[in-house]
Amino acid sequence: MANIINRQQTFSTNGTVTAAGLHNLIDTALVNSAIIKNQQEITTIGTADLLLIAPDSVDASLAPRKVTVQNLLDDGLTAGTFTSFNLTGALTYGTATGNSTVSTTATISTATISRLTAGTTASTAATITNGTITNGTITNGTITTALIPTLTAGTTTGTAGIFTSGTIATLNSTTGTIGNLTTTLTGDVTISTGSATVGTRVAVLNTAQQYSRAHNFAATALTITSGTVPWNLAENQVATLTVTTNSTMNTPTNPQAGCTYVMIVTQGTGGSNTLSFSTAYKFAGGSAPVLSTGSAQVDVLSFVTNGTVLYGVSSQNFS
């Protein structure tokens, strides 16, 4: 490196320049011409490489001081405050210690948060939109359009914890309570072990319940096709049929043992149309009912099945 030339050596006018005087002038001036010209670019920088820097404390008449890249970055990044920092490339880092502080007004949007373990996202103003949280704890926050694949170790608490328009692929909760859950279920609800306990507002298969409002089957209209009438019992337990021509009831499909089925038959315009039945239908005394013949007259046929045969009775001539 170049040192400052000793400018204190003086020479008298027209005097003799002695070797000693000249040495005093230039002994400390170890100037390398390559420092002044012919600089070549280096593509990699090591932490021990030297740079020249002029500190504020050094007089302008003095030469810059040398510093390693390691010390330059250590001092510059730890002692200063960066109000605006844009990073476009990938940021890699080692083991970070100490605390990291993020402004309380920070907004995370369209981001992926792979893991939140030691930290806690709190405050009702904490809003995460279009992000992914795989493992985390949210105590009081609003997640609007977030994908949460798994919540296992994390806990969702607080009255302000709201999940709307999001997707929860797997929800494992052992001690938490979900007060209200509104969702459109596209898959199945599976309880692998244990049992489900629900309130009186939900119908349960293996529990006797009393309903305080009407529960009904919407009637399915049967259609006559080429004089035959198919009846898929899986579609509904109540069916309607308007007889407009002499027709035959085909063997019904999908009967369930123990189920009851009702068919409301209306005589078409003009009346006198007949309805016969396949052998899958059985009636008291071995005789199928004869439909009422008057136009618009109604007959009601009720059936119970053993899973193969429909046993029926008829109530006729409603007009």
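Could you sort the peptides 301-310, 62-71, 203-212 by per-residue average Cβ neighbour count (10 Å cutoff), highest mean leading?
301-310, 62-71, 203-212
Can you tell me, using C-alpha contacts under 8 Å and at least 6 residues apart, the relative contact order of segment 249-319 as a whole percent?
Over segment 249-319, the number comes to 38 percent.
Can you compute the label reach from T240? Point 7 Å from Cα along the Cβ direction, backbone N cut-off under 12 Å, restricted to segment 212-232.
Zone members listed by number: 218-222.
Cα extents of segment 220-318 along the three principal axes, largest first, in whole Å?
If we take the Cα atoms of segment 220-318, the spans are 37, 28, 20 Å.
As a footprinting exposure proxy, order D49, D56 by other Cβ within 10 Å, with the fewest listed first.
By the 10 Å Cβ count, ascending, the order reads D56, D49.
Multiply the residue separation of L185 and V309 by 0.36 nm, subtract the distance between their alpha-carbon atoms, and state the gained length in nm to one decimal.
Net length gain for the segment: 41.1 nm.
Where a number appears in this text, it was derived from the coordinates with a stated rule and is not lab data. All of these numbers come straight from a predicted model, not from anything done at the bench. Glycine also receives a Cβ, built like all others from the backbone with ideal geometry; neighbour counts cover every protein chain displayed.
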